[in-house]
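Visitor: Encoded as structure tokens, here's the structure I'll be asking about.
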Amino acid sequence: MATTEDPTNPQLPPVQALQELPQAQQQLQQTHSSILPQYPEMIMAAIEALDDKNGSNKSAISKQIESTYPDLPAAHTTLLSHHLNKMKQSGQLLMVKNNYMKPDPNAPPKRGRGRPPKPKAPVPPGTVIGPPRPRGRPPKPRDPFAPVASPKKKTTSGSGRPRGRPPKKSNTEAAPTSAPAAQAKGVKRGRGRPPKVKVFIQPNYLQNFVQSTFNALTAEKVRGATLVVSGDGRYYSKPAIQIIIKMAAANGVRRVWVGQNGLLSTPAVSAVIRERVGIDGSKATGAFILTASHNPGGPHEDFGIKYNMENGGPAPEGITDKIYENTKSIKEYLIADLPDVDISAIGVTNFGGPEGQFDVEVFDSASDFVKLMKSIFDFESIRKLLSCPKFTFCYDALHGVAGAYAKRIFVEELGAQESSLLNCVPKEDFGGGHPDPNLTYAKELVARMGLSKSSSQVEPPEFGAAADGDADRNMILGKRFFVTPSDSVAIIAANAVEAIPYFSAGLKGVARSMPTSAALDVVAKHLNLKFFEVPTGWKFFGNLMDAGLCSICGEESFGTGSDHIREKDGIWAVLAWLSILADKNKENLNGGKLVTVEDIVRNHWATYGRHYYTRYDYENVDASAAKELMAHLVKLQPSLGEVNEIVKGIRTDVSKVVHADEFEYKDPVDGSISRHQGIRYLFEDGSRLVFRLSGTGSEGATIRLYIEQYEKDSSKTGRDSQEALAPLVEVALKLSKMQEFTGRSAPTVIT
Ligand SMILES: O=P(O)(O)OC[C@H]1O[C@H](O)[C@H](O)[C@@H](O)[C@@H]1O
């Protein structure tokens with residue numbers, strides 16, 4: 001299957017309108033420079049208005065400015081401190097006992113030349129003071145795209161992981177500087193294939209998005225906050241992390257947490273936000289995740305950035321809308337002139353600045369996630385399964401970030417052989433491959449599992465799985481057997497209470513995206529569980545989970561997860577399957593035949609019936625042709641009589657269409673309504689045809705056609721799915737006039 005995208009990637013404004021950094025940006029200006037006076041002017045006016053003969057302290061000046069100008073930038077306090085400092089240094093202001101005042105014009109001239117000596121400012125307890133700022137012209141902002149120094153290896157204790165509190169690194173002063181991000185015309189926000197690296201590295205492109213994000217957040221989510229910055233390790237992540245760190249410092253963030261080498265999977269970021277407590281008791285309020293999901297990486301490939309909120313899930317539409325609006329009008333961003341941080345070594349780097357401390361903590365990328373997984377699954381029973389010689393296992397990380405977790409979890413914690421790991425060294429270009437876990441791109445695994453023509457004679461492993469670049473997707477395989485993602489989530493839900501300790505008290509509810517097959521619905525009905533059908537996109541599950549309505553959810557697009565975090569979780573899905581296998585095999589690990597992946601799936605079909613399922617993708621179709629096809633299908637919908645006449649004219653052996661609509665979703669938690677989420681034709685026997693335009697296709701439009709047929713008779717659940725679905729496929733193609741509209745006689749990809 002050839003999908004493209006990362007839908008959670010906000011698209012950024014075109015860069016041609018953005019300016020280069022000026023050579024020496026000396027004056028810090030506020031974002032709303034066109035509306036507000038300059039800071040020095042506002043400060044002088046505030047001191048005058050306060051009119052205190054002993055001068056006024058920073059907080060009084062700040063309040064005075066806030067009461068005069070309601071529309072101050074989010075970085076107001078940083079900007080104020082910076083300018084007060086500068087004005088003090090230049091002699092424009094005097095500081096006496098923490099109070100700022102104008103110098104007395106009648107005071108006798110100072111002896112000697114140059115600027116007056118600095119009065120000593122009291123330092124708050126615990127502040128780490130950096131080296132004195134050098135005299136003269138302030139330093140030039142660094143080249144934001146300068147290559148990062150090659151990482152120095154740090155010696156660690158024998159275990160490979162350093163113990164105890166991470167060491168402190170050097171102290172350096174953090175002085176915010178700013179640079180203009182000239183008027184930029186925004187482009188369509190939202191889902192879509194992320195831009196190429198070459199777009200991202202254009203001057204100010206990344207900075208525009210990052211500052212627009214800071215400006216879209218409420219002040220308490222930025223000022224004094226802890227933020228996570230990391231990603232799937234793709235090309236350009238390292239320079240991007242350095243830029244974001246410096247911008248975070250200038251925007252008043254208190255500390256930044258970075259996974260070692262900048263690596264954190266998307267699910268691990270979610271776990272870190274929700275679970276990690278810093279050495280000083282701090283919790284993160286959000287994260288910049290650098291990834292383009294399952295799209296290729298490298299200098300000529302894709303890059304992406306997304307923001308997650310303090311619940312660990314993707315930013316909601318309200319925030320992404322604001323970010324988008326900001327990217328259109330942003331004129332300036334804040335960046336501190338700090339040295340690069342060595343993100344290869346675990347430890348804390350302290351920077352003292354005008355605002356106090358700013359820290360960057362580099363931490364082990366896997367430990368928080370491993371801890372969370374151990375609290376969910378019974379590692380001991382999985383360990384027994386993996387150490388049973390009859391049970392063979394293979395995991396393919398496709399050179400994505402999952403490799404960093406696979407080694408720790410499957411090998412170190414669960415005792416799998418090192419040789420069971422394929423492509424588990426994260427690479428900036430994913431080894432030149434397409435890190436998308438499906439039958440098309442996970443070639444090596446598919447061959448090893450005996451599912452391709454190039455499979456060798458060697459007996460395939462019992463269980464195989466793969467992940468995408470940022471490790472939130474998964475593909476589950478048995479020996480010569482493919483588990484559809486729709487079946488996978490249904491099977492996990494059906495077995496969770498018995499096999500996974502986290503769910504032992506029962507499931508709160510289950511949910512799937514609309515085009516995902518109804519296999520999960522049948523399980524929900526059987527087990528009397530709350531059930532939700534949401535539009536495509538993981539964010540729709542987040543609300544349900546936050547409200548305690550849903551425990552397990554999944555999508556046909558290789559995403560499965562639970563309420564342990566607010567992202568889909570590729571490694572979690574594998575551990576869920578291993579738990580089910582361990583549970584089903586607990587009596588026969590020492591003798592007898594193993595219950596296989598295929599057995600589990602076939603037994604499931606025998607109990608609940610089978611949803612034959614396939615997806616046809618028509619990629620890079622002319623966008624207007626795709627729209628016309630969709631409009632044609634919508635136009636047909638009101639007259640079911642006419643639809644059924646057409647259907648019967650095509651095939652007499654399919655059942656009757658009983659309902660046709662465009663899927664619309666009312667979020668039961670916040671009441672928001674999402675319309676036009678796909679065209680559905682529902683048949684009397686439970687079959688479905690769904691037509692959707694991909695929100696993530698690369699060029700032109702991608703039409704996705706989902707075809708599903710329910711078979712309850714257990715004697716008929718073993719057929720080949722393409723063969724079983726052939727009549728419905730014919731109806732779908734002719735009813736939609738696929739060839740007429742698109743000129744295509746066959747889909748690009750069949751899953
Ligand atoms: O079908 P598309 O619009 O291309 O998107 C399919 C998928 O894209 C991403 O992986 C999202 O995280 C999923 O939630 C979504 O199901």
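The values are calculated or read from the model by the stated rules, or taken from the named source; none is laboratory data. Note that this is a predicted model, so its numbers are computed, not measured. Reconstructed Cβ throughout: ideal geometry from the backbone, glycine too, with neighbour counts over all protein chains shown. Surface areas here come from the heavy atoms of the whole protein model, side chains and all, with no ligands, DNA or RNA. Shrake-Rupley method; radii C 1.70, N 1.55, O 1.52, S 1.80 Å.
Visitor: Checking Ser687 against (1) among the hydroxyl-bearing types (Ser, Thr, Tyr); (2) more than 16 Å from the ligand (Cβ to nearest atom); (3) open to solvent by 10 Å² or more (accessible area, probe 1.4 Å), which single condition isn't satisfied?
Guide: Status for Ser687: all satisfied but (3).
Visitor: I'm trying to understand the selection: among the residues of the range 698-732, which are of a type in the set (Phe, Trp, Tyr) and open to solvent by 10 Å² or more (accessible area, probe 1.4 Å)?
Guide: Within the range 698-732, just Tyr710 meets the criteria.
Visitor: If you don't mind, another one. Which one of Ile673, Ile646 is open to solvent by 70 Å² or more (accessible area, probe 1.4 Å) and more than 16 Å from the ligand (Cβ to nearest atom)?
Guide: Going through Ile673, Ile646 in turn, just one is open to solvent by 70 Å² or more (accessible area, probe 1.4 Å) and more than 16 Å from the ligand (Cβ to nearest atom): Ile673.
Visitor: Could you please give the count of residues in the range 520-542 that are more than 16 Å from the ligand (Cβ to nearest atom) and touching a Phe, Trp or Tyr at 6+ places or on another chain (Cβ under 7 Å)?
Guide: Matching residues across the range 520-542 total 5.
Visitor: How many residues are more than 16 Å from the ligand (Cβ to nearest atom) and open to solvent by 10 Å² or more (accessible area, probe 1.4 Å) if we restrict to the range 310-325?
Guide: Within the range 310-325, residues that are more than 16 Å from the ligand (Cβ to nearest atom) and open to solvent by 10 Å² or more (accessible area, probe 1.4 Å) number 8.
Visitor: Could I ask something else about it? Tally time: how many residues in the range 55-72 are of a type outside the set (Asp, Glu), in contact with a helix residue (DSSP H, G or I) (Cβ under 8 Å, 6 or more places away or on another chain) and open to solvent by 10 Å² or more (accessible area, probe 1.4 Å)? Full working, then the answer.
Guide: Within the range 55-72, the subset of a type outside the set (Asp, Glu) is 55-65, 67-70, 72.
Applying the additional criterion that residues be in contact with a helix residue (DSSP H, G or I) (Cβ under 8 Å, 6 or more places away or on another chain) yields 55-56, 58, 60-62, 64-65, 68-69, 72.
Imposing the further condition that a residue be open to solvent by 10 Å² or more (accessible area, probe 1.4 Å) reduces the set to 58, 60, 62, 64, 68-69, 72.
Number of matching residues: 7.
Visitor: A further question on this structure: Out of (1) farther than 20 Å from Ser486 by Cβ; (2) at pLDDT 95 or above, what's the single condition that is false for Tyr706?
Guide: Checking Tyr706 against (1) farther than 20 Å from Ser486 by Cβ; (2) at pLDDT 95 or above, the one that fails is (1).
Visitor: Let me ask something else. Could you go through the range 614-623 and let me know if any residue there is assigned to a loop (DSSP other than H, G, I, E, B) and open to solvent by 30 Å² or more (accessible area, probe 1.4 Å).
Guide: Within the range 614-623, one or more residues are assigned to a loop (DSSP other than H, G, I, E, B) and open to solvent by 30 Å² or more (accessible area, probe 1.4 Å).
Visitor: Next question. Answer with yes or no whether Leu334 is over 20 Å from Ala216 (Cα atoms), touching a strand residue (DSSP E or B) at 6+ places or on another chain (Cβ under 8 Å) and either modelled with pLDDT under 95 or not in a loop (DSSP other than H, G, I, E, B) (or both).
Guide: no
Visitor: Go through the range 191-309 and tell me which helices (runs of 4 or more DSSP H), entirely inside it, have 2 or more residues that are more than 17 Å from the chain's Cα centre (by Cα), away from the ligand (no atom under 16 Å from the Cβ) and not assigned by TED's automatic domain parsing to the domain that holds Phe540.
Guide: On the way: elements: 197-200, 205-216, 237-250, 266-275.
Once the helices (runs of 4 or more DSSP H) in the range 191-309 are filtered for at least 2 residues that are more than 17 Å from the chain's Cα centre (by Cα), away from the ligand (no atom under 16 Å from the Cβ) and not assigned by TED's automatic domain parsing to the domain that holds Phe540, what remains is 197-200, 205-216, 237-250.
Visitor: Then there is this: Going residue by residue through the range 548-555, is there one that turns out to be farther than 18 Å from Pro501 by Cα, within 16 Å of the ligand (Cβ to nearest atom) and either in contact (Cβ under 8 Å) with a residue 24 or more places away in the chain or open to solvent by less than 10 Å² (accessible area, probe 1.4 Å) (or both)?
Guide: yes
Visitor: Checking Val229 against (1) open to solvent by less than 10 Å² (accessible area, probe 1.4 Å); (2) out of contact with any Phe, Trp or Tyr (no Cβ under 8 Å at 6 or more places or on another chain), which single condition isn't satisfied?
Guide: Of (1) open to solvent by less than 10 Å² (accessible area, probe 1.4 Å); (2) out of contact with any Phe, Trp or Tyr (no Cβ under 8 Å at 6 or more places or on another chain), only one is false for Val229: (2).
Visitor: While we're here: Identify the residue in the range 489-512 that is in contact with a Leu (Cβ under 9 Å, 6 or more places away or on another chain) and part of a helix (DSSP H, G or I) and, among all such residues, is surrounded by the fewest Cβ atoms within 10 Å (Cβ to Cβ).
Guide: Ranking the candidates gives Val497 first.
Visitor: Tell me the residue from Ala732, Ala726, Ala660 that is of a type in the set (A, V, I, L, M), more than 16 Å from the ligand (Cβ to nearest atom) and free of Cβ contacts under 8 Å to residues at least 12 places away in the same chain, please.
Guide: Just a single option satisfies the conditions, and that option is Ala726.
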